[in-house]
1. Would you pull out the residues with amide H under 5 Å of B:Gly233's amide H, same chain only if 5 or more places away, H placed 1.01 Å from N?
2. Report the full-extension gain for the segment A:Ala91 to A:Ser150: residue separation times 0.36 nm, less the Cα-Cα distance, to one decimal in nm.
3. So what is the relative contact order for the stretch B:249-398, in percent, with contacts set as C-alpha pairs under 8 Å and at least six apart?
4. Under 29 Å Cα-Cα from A:Lys33, which lysines qualify once same-chain neighbours fewer than 8 residues away are excluded?
5. As a check on your grasp of the helix formula, calculate [θ] at 222 nm for chain B: sum -39500 (n - 2.57) over DSSP H runs of n ≥ 4, divide by the residue count, round to the nearest 500.
6. What 222 nm value per residue comes from the helices of chain A, counting each DSSP H run with n ≥ 4 as -39,500 (n - 2.57) and dividing by all residues, nearest 500 deg cm²/dmol?
7. Simple spin-label model, 7 Å along Cα-to-Cβ: B:Glu350 to A:Gln171 in nm?
8. If amide H atoms are built 1.01 Å from N in the plane of the peptide, which residues on other chains or at least 5 residues away come under 5 Å of the amide H of B:Ala481?
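Derivation of every value follows stated rules applied to the coordinates shown; laboratory data play no part. Computed from a prediction, not measured in an experiment: that's the story for all the values here. A quick note on method: Cβ atoms are made from the backbone with ideal geometry, for glycine too, and the neighbour counts reach across all protein chains shown.
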Amino acid sequence: MSLADFQRNYFQLFDLPVDFAVDVTQLGARYRKLQRELHPDRYAGASAYEQRLAVQYSALVNEAYTTLRKPLTRALYLLELTGMSRESIAAQQIDGGFLIAQMELREKLESMEGLIDPETVLDHLVVEISDDITDLQGQFAQAYSVGELSPAASACVKMQYLDKLLQEAEQIESRLLDRQE
Amino acid sequence: MALLHIAEPGQSPLPHQVKRAVGIDLGTTNSLVATVRGGRAAVLPDESGAVMLPSVVNYTQPGAPLVGAHALALAAQHPADTLMSVKRFMGRGSEDARSDAQRSHYHLAEGSEGLVRFVTACGELSPVEVSADILRVLHLRAVATLGGDIDGAVITVPAYFDEAQRQATKDAATLAGLRVLRLLNEPTAAAVAYGLDSAEQGVIAVYDLGGGTFDVSILRLHKGVFEVLATGGDTALGGDDFDAILANWVLQQSGTPALEPGQYRQLQAAARAAKERLSAALEVDLDLHGVLPSGGVIRVTRQIFESLILPLVKRTLRSCRRCLRDAGLEAGIDNIVMVGGSTRVPFVREAVADFFQRQPLIDIDPDQVVALGAAIQADILVGNRPEGDLLLLDVIPLSLGIETMGGLVEKIVPRNTTIPVSRAQEFTTFKDGQTALALHIVQGEREMVSDCRSLAHFELRGIPPMVAGAARIRVTFQVDADGLLNVAAREEITGSQANVTVKPSFGLSDEQIAGMLQASFSHAATDKLARQLAEQRLAAWQLLESLKSALAVDGDALLNLEESEVIGAQMTALQALLDGTDANAIRVQTERLGRQSEAFATRRMDRSIYQALAGVALDTLDEKVSP
């Protein structure tokens, strides 16, 4: 097998089964092991060609690790491995109930900065969003394991929405903290 | 296959000879050089015993720049010709740098493509040239102490340095005649200096407050692998600002209106001395005779000083908080490493301990820790530790992106991505029949191009005329282990390509560097030839050595008889040429052998993946990971 093969399947690179459930400790250990072999620092005295090769391999290992480490990117990657394109994943139908709940969460986030105790409210909101994400991960795992790709993709899209909300919540939190000083 | 024999002792390095490698901390205020000897990292002193070289260069005598303490002594007398804190100007455009220059009383040259150039009695000089003069002194010190040419150097940079600043640093080192093994982030270097002593596991925060820059990094150490999780900081905040804020306060107290440049330098030096004494004393008297026209004595208490620097310290803690969040940690920090002279200020230590809820480590001199870590990394990279007991996985400090419609930035590689990294994104044309695409590469976190740092412009031509949106242009960003960027663009349908190694708009071109190098070598023509021959021999020797050890391990397994005979014959040919003095023939044969052995190198790399994973089952048991 060569670089191109590993590019085709990140799970193979780490000798892991193609599955949503990944032991991240094991993934981390294998990642470090591969980098110990392939990192350009190991080839500082080697030929220019080997150095270029090391940059490519090491970059691939980094990319694969980043993709598989986080549940959301891992889920998206699994769908891509089935042949689904990014476009068709993004085009999934999302039920109205989710969209309304999502909008309500966003409104709450945006009105946060006028509150008396925004930190506590924000903390609760972050817990709520994180719990929803955990639920969706379960839904994805379930649908994916039985080969129902459409519901799996829609769980993925929902996770993307919530992930974005979480990032916004973090930005608001950092603004609140800066203001305190 | 028979082992080849290398002759010529003294001309080429002996196979198992320890190579001379140094780590250099090119600091805003002071610079240091360190090396590993007898398994221990140590900083190298000059002939008078001083290890810190003030990063100050005086240019009053043409052709004879004065570097270090002697230059510092002339700062008040020749403010415009004595360049200090030049690191702040590295890789910056003159517009960008003008206010800083005014504060330092330097004269910047007008025009010249946005490059910063200082006007001195010795002519116009770029920050790169000034830094090269500092590095040259350290280079000479290392050669004198270690008794021979230096095989390679690791130069440290603030983690927060952008592409242009990194490139400028590398250019300066090249100009000083150093072979740069790697640019290493200062906080990472500091963690290495501590990490090897303690060989522990856990999460480390590095708080690095130097003369001119502040850096914070969060790293995870795991069985000799340092993984940088996040990094942040402020490229324009440091101990110099503590001095300036105290100097301004003194100025206010004394009621003195404006000062001459030289007087301001003196006042700043007095403020710095007061600051340093306040680390031990609760109050000091600042004697202004000979500093301010009014003279007099002003009492500064530690409390006043702390209230003055409070906003600056808070700014550093804000960066720490952001960095902690970026690191996405589940548990807390196990250790805090303090770096930089400014962490001697008790208030800074207290604030950091308070913030992280842990007492910081201060066992290693905060002024030396970066150079010591760099020396360890240089020792590894140069090949003195074949077992390779340490690996650094660093990140890029700032997001890299590309300008899209409406002056917006599309991020391609987000900050804190582990390097090396290669990322691609597809773009398309927006007009019918468009045959060229201009690419503008930027660095920064903001959404608008105008708020980010412009790195490079380049153009992809030869796109076949198509309707808007039909072309598929794949732009690949590759960042190497030094954090330097290479961008390639390719039209997927026709395969037309454009490639650029990002030489930032304010950096130097390779030709410029070559020209400067040429100018700086006063060797006679024969010397130059001898040098070329020595360099070619070394390159050939390195290739032969690496191939020999590779063949010994994998030759039988990965090459068939024919392939191994071809490589063997080329090696023998190169070996034979090494006895002669034809530098060009050696170069040509080295390149030929390099190409011949490419397939072998690729196979070895693929195999090392299997070898790494072959031991995985065992390793997994070791770490008690459930299957």
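1. B:Val216
2. 20.2 nm
3. That works out to 15 percent.
4. A:Lys70, B:Lys19, B:Lys223, B:Lys548, B:Lys624
5. -12500 deg cm²/dmol
6. Helix-only estimate at 222 nm: -25000 deg cm²/dmol.
7. 3.7
8. Here the answer is none, since no amide H 5 or more places off falls under 5 Å of that of B:Ala481.
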